[in-house]
Amino acid sequence: LYTLAVEVFDINEPAQADQASFELQVLEANRPPVWDDPGPQVIDEEVLWSKTFFATDPDWPANSLTYRAVSLPAGAVWDAATHSVRWQPTEEQGSGEYELILEVTDNGSPALSRQLTVPITVREVNVAPRLEPISDRVISP
């Protein structure tokens, strides 16, 4: 709550003036949270990938934020406490395009949410072939 005072003067002789004061209340307009967007991710199959995601609330004072995973690739794990995703794509997921969708919600009035879609490219990793042991053989002419 702010108290504002206004005073006006005229330019006549003798100058005349008047004053008034009033109270002004500034109400918060809740704005949605803002993600720190990491951009597209490129990872290798069969290699553990981990990423922590952050968002901020632009309001003052800032509202508290709640994070959740909306959609994850098969095998990916969401940790709500740390807002992190861990994923080790399988051989079958190699050379593929995936996305994860996260959502953050503030506790403002009304509560506002914003989603983040992160495209992920899983690269195929060339693994050397493995030769199974061969037992000794006798070859006769």
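Observations
- Of the accessible area of the chain, computed with a 1.4 Å probe over protein heavy atoms only, carbon and sulfur atoms account for 54 percent.
- Gaussian network model of the chain, springs between alpha carbon atoms under 10 Å - residue of Ser71, Ser113, Ser21 with greatest fluctuation: Ser21
- Peptides 9-16, 49-56 ordered by average Cβ neighbours within 10 Å, highest first: 49-56, 9-16
- Å² of accessible area per residue within the chain, as computed with a 1.4 Å probe and no ligands counted: 74
- For the chain, the dipole from Cβ point charges (+1 on Lys and Arg, -1 on Asp and Glu) about the Cα centre works out to 780 debye, to the nearest 20.
- Estimated D of the chain in µm² per second, where Rh is the Kirkwood radius over Cα pairs and Stokes-Einstein applies at 4 °C, 1.567 mPa s: 63
- Scaling against 2.2 N^0.38 Å puts the C-alpha radius of gyration of the stretch 55-120 at 1.34.
The values are calculated or read from the model by the stated rules, or taken from the named source; none is laboratory data. All figures in this text were calculated on a predicted structure; none of them were measured in a lab. Neighbour counts run over all protein chains shown; Cβ positions are idealised from the backbone, glycine included. Note: accessible area is taken over every heavy atom of the protein model, side chains too, but ligands, DNA and RNA are not part of it. Shrake-Rupley method; radii C 1.70, N 1.55, O 1.52, S 1.80 Å.
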